[in-house]
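Some notes on the structure that comes next.
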Ligand code: SF4
């Protein structure tokens with residue numbers, strides 16, 4: 001969790017620039033972790049800078065061209081971050097968690113079942129297959145859910161028992177504080193809610209770990225109460241892209257569920273999970289203007305939904321791999337006013353029980369929220 005308060009302007013600038021530009025690694029194999037493939041944003045490495053944990057692109061085309069470079073960590077795990085040849089900060093990389101060394105009795109490495117995000121979040125994609133991904137024409141163009149499966153780095157369906165086993169180990173060995181359960185969308189009308197409920201029940205039986213589930217809006221709002229009863233503390237339903245034309249172009253399958261359905265589902269979910277415990281990912285840099293993002297964020301905040309705006313990161317191997325990431329100036333034009341809006345709405349990241357809004361590492365939004373008014 002990002003704990004610092006009242007960020008100096010120079011730190012905010014550096015965080016935003018680093019996340020937009022990415023980072024080159026002077027030593028090819030830092031001991032730290034990186035995320036490749038999977039659902040949602042990827043190709044990052046978790047970096048701790050000024051007390052803030054940030055996912056920074058390292059495996060993308062633009063990261064390879066970045067002016068930022070980090071040397072090999074010293075014995076304490078600290079690296080010097082340079083812009084060109086000028087040192088600008090000290091940074092640390094997340095270490096390999098201990099649970100990565102374990103495997104199930106039938107030989108599945110724990111790291112194929114769930115991974116560490118940031119420094120204290122366990123994350124898994126319960127179903128690594130997705131109806132949206134069956135045809136590349138309909139798939140979300142930013143998504144790499146099939147890549148890690150094809151590369152043998154994960155399993156297609158993580159069973160409740162596997163998830164419970166890994167969650168327990170990650171809490172005991174690595175002090176993981178909360179967990180994200182996301183899923184590819186199955187063909188069933190619940191959109192994955194049922195499989196998330198089964199997973200959550202098993203995890204909560206094994207260990208006391210706050211859970212966020214993420215899925216498309218299910219067909220029936222009754223699923224929200226079932227998810228809550230299963231032990232899910234917070235819920236993410238991700239708009240990703242807002243404009244009709246941009247949605248149809250970038251995520252043609254997912255765009256068949258209109259924004260109006262998301263808004264109705266948000267309202268129903270907030271009634272169950274509470275204000276601030278429902279969130280949505282919005283990917284900045286895929287065509288939506290800052291005005292459109294901020295206008296949508298205002299609507300979301302009004303109904304109690306946390307608008308987690310993150311810079312789009314072009315992932316290698318996806319149709320958008322050559323799409324330029326948003327500039328730091330573009331991100332700042334959204335995150336500075338959004339930080340103030342979130343603060344005024346009283347939806348603090350520290351009050352979120354689990355999930356991406358609480359972790360915050362994929363965006364510098366939470367740092368902007370802490371800037372003194
Ligand atoms: S914000 Fe979400 S996707 Fe990003 S590192 Fe944190 S838990 Fe993972």
message: Contact list please: Cβ distance under 9 Å, first residue in region 104-127 and over 26 Å from residue 191 (Cβ atoms) and away from the ligand (no atom under 16 Å from the Cβ), second residue at pLDDT 95 or above and assigned to a strand (DSSP E or B), pairs at least six apart or on different chains.
response: 109/103; 110/103
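Check 207, 155, 241 and return the single one that is modelled with pLDDT under 95 and either crowded, with 22+ Cβ neighbours inside 10 Å or on the phi < 0 side of the Ramachandran plot (or both). Lay out the reasoning, then the answer.
On the way: 207 fails: modelled with pLDDT under 95; 241 fails: modelled with pLDDT under 95.
After ruling out the rest, the residue left standing is 155.
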- request: Among the candidates 12, 23, single out the residue that is more than 15 Å from the ligand (Cβ to nearest atom), modelled with pLDDT of 90 or more, farther than 20 Å from residue 99 by Cβ and buried (at least 21 other Cβ atoms within 10 Å of the Cβ).
  value: 23
- line: Here, helices (runs of 4 or more DSSP H) confined to region 309-369 with at least 2 residues that are within 14 Å of the ligand (Cβ to nearest atom) and without any contact (Cβ under 8 Å) to a residue 40 or more places away in the chain are none
- prompt: What's the number of the condition residue 306 fails, among (1) over 20 Å from residue 60 (Cβ atoms); (2) more than 13 Å from the ligand (Cβ to nearest atom); (3) in contact with a helix residue (DSSP H, G or I) (Cβ under 9 Å, 6 or more places away or on another chain)?
  reply: (2)
query: Is one or more of the residues making up region 291-299 over 18 Å from the mean Cα position of the chain (by Cα), without any contact (Cβ under 8 Å) to a residue 12 or more places away in the chain, over 16 Å from residue 280 (Cα atoms) and more than 15 Å from the ligand (Cβ to nearest atom)?
result: yes
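Output the residue which, of all residues in region 56-77 that are surrounded by fewer than 13 Cβ atoms within 10 Å (Cβ to Cβ) and more than 24 Å from residue 144 (Cβ to Cβ), is modelled with the highest pLDDT. Can you show your working first?
Narrowing region 56-77 to residues surrounded by fewer than 13 Cβ atoms within 10 Å (Cβ to Cβ): 65, 74-76.
Remaining after also requiring more than 24 Å from residue 144 (Cβ to Cβ): 74-76.
Working: 74: 85, 75: 79, 76: 79.
Among those residues, the one meeting the criterion is 74.
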message: Residue pairs, Cβ under 7 Å, 6 or more apart or interchain, first in region 261-284 and under 23 Å from residue 229 (Cβ atoms), second surrounded by fewer than 16 Cβ atoms within 10 Å (Cβ to Cβ) and at pLDDT 95 or above. List them.
response: 265/221; 266/303; 267/303; 268/221; 270/303; 272/225
query: Which of the residues that make up region 135-152 are closer than 17 Å to residue 107 by Cα and surrounded by 16 or more Cβ atoms within 10 Å (Cβ to Cβ)?
result: 149
message: Can you find a residue that is touching a strand residue (DSSP E or B) at 6+ places or on another chain (Cβ under 9 Å), crowded, with 19+ Cβ neighbours inside 10 Å and part of a strand (DSSP E or B) anywhere in region 103-113?
response: no
- prompt: Which of the residues belonging to region 85-102 are in contact (Cβ under 8 Å) with a residue 40 or more places away in the chain and in a loop (DSSP other than H, G, I, E, B)?
  reply: 94, 95, 96, 97, 102
Number of the exception - residue 162 against (1) within 29 Å of residue 226 (Cβ to Cβ); (2) away from the ligand (no atom under 16 Å from the Cβ); (3) surrounded by fewer than 22 Cβ atoms within 10 Å (Cβ to Cβ): (3)
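To keep it simple, each residue is scored yes or no on (1) part of a loop (DSSP other than H, G, I, E, B); (2) farther than 22 Å from residue 358 by Cβ; (3) within 18 Å of the chain's Cα centre (by Cα).
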position	(1), (2), (3)
220	yes, yes, no
227	no, no, no
231	yes, no, no
235	no, no, yes
249	no, yes, no
255	no, yes, no
260	no, yes, no
266	no, no, no
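The values are calculated or read from the model by the stated rules, or taken from the named source; none is laboratory data. Predicted model, so just to flag it, every value in this text is computed and none were measured. Using ideal geometry, Cβ is built from the backbone for each residue, glycine included, and neighbour counts are taken over all protein chains shown.
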